[in-house]
1. Whole-Hz ³J(HN,Hα) for each residue in region 235-242, computed from phi via Karplus 6.51 cos²θ - 1.76 cosθ + 1.60 with θ = phi - 60°, x for glycine and proline: what do you get?
2. What list do you get for VAL193, VAL118 if you sort them by fewest beta carbons within 10 Å?
3. Among residues other than LYS195 whose Cβ falls under 12 Å from its Cβ, what is the net charge (Lys/Arg +1, Asp/Glu -1)?
4. Neighbour counts of other C-beta atoms within 10 Å: give me CYS260, CYS253 arranged from fewest to most.
5. Which residues' amide hydrogens lie under 5 Å from the amide hydrogen of ASP47, considering only partners 5 or more residues apart or on another chain, with H built in the peptide plane?
6. Taking H placed 1.01 Å from N in the peptide plane, check which residues at least 5 places from THR110 or on another chain put their amide H under 5 Å from its amide H.
7. Modelled label-to-label distance, CYS260 and ASN239, 7 Å Cα→beta-carbon offset: nm?
Amino acid sequence: MGEFCPSPQGDSALAAPPLTLSSPSPATAVRPSYGSCDRRYVKLVFDNLHGSISVDPLALQFVDTEEFQRLRDLKQLGGLYTINCIWCCNNIFLRFSGLTYLVYPGAVHTRFEHSLGVYSLAGKAINNLKTYQGEELGIDHVDMQTVKLAGLLHDIGHGPFSHLFEHEFLPRVDPGSSWSHEDMSVLLLDSIVDKHAIDIENGYLKMVKEMITASAKPTSTKSANEKHFLYDIVANGRNGIDVDKFDYVGRDCRACGLGCNFQYWRYI
């Protein structure tokens, strides 16, 4: 796809160049260079929390699959079974329990827009790291694109009613099951790549999967050891501060009509 071009309106979600594909097809080989700023293959979507989000061609290949589109039918707050308190700078944020939209009719947002939001924030976070410490940390275009893809795809494995399905339903019908939506996300990611013939190198795909499961499973790969900070951006298993929470705190509060003092952009 060639080199990347500057993102419109300062949208750093496009700041990472697309990954080098392993064996581009003849159809993609004749396309105009992405480096020439031809935006026919970039999709702009407008999010009510983050504004314009630029989705690059590689990410679009995943978005335009039925596996990802099913997230439109999963409410973000459709089945949370506990109340989670998030403490940050003396602010308390609550993720409400149960079928939240029955109490807060506006809370009908889905995991589809949440995934796009995390994709955008992950892009902004890694772009800022590269801008200020890129040389020191050795951040390259592969790091930037894999972090963005991990943000986009981290929730594709959620079942119906999300956490309620995972933590309440499954233990009752299959006691002792170790199933998690992170594991399912990894399985679905492999399936999507094979089924839709998405041309991405295995090493890059492995990094994306490790970033998705980083909050639950420690990684021991060379990349994880040398650049451990990459695995804390989307799913931070060390202290829980990650762009996934940055998005859903702001998005959930807005959808429920609640005030939110958390200025997450200052952390990015």
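1. Using θ = phi - 60°, the values come out as 9, 8, x, 7, 9, x, 8, 8 Hz.
2. VAL193, VAL118
3. Taking every Cβ under 12 Å from that of LYS195, the sum is -4.
4. CYS260, CYS253
5. SER52, ILE53
6. Counting only residues 5 or more places away or on other chains, the set is GLN76.
7. It is 2.1 nm.
Read the figures in this text as sums done on the coordinates, not as results from a lab. Every value quoted in this text rests on a predicted model; they were computed, and no experiment measured them. Neighbour counts run over all protein chains shown; Cβ positions are idealised from the backbone, glycine included.
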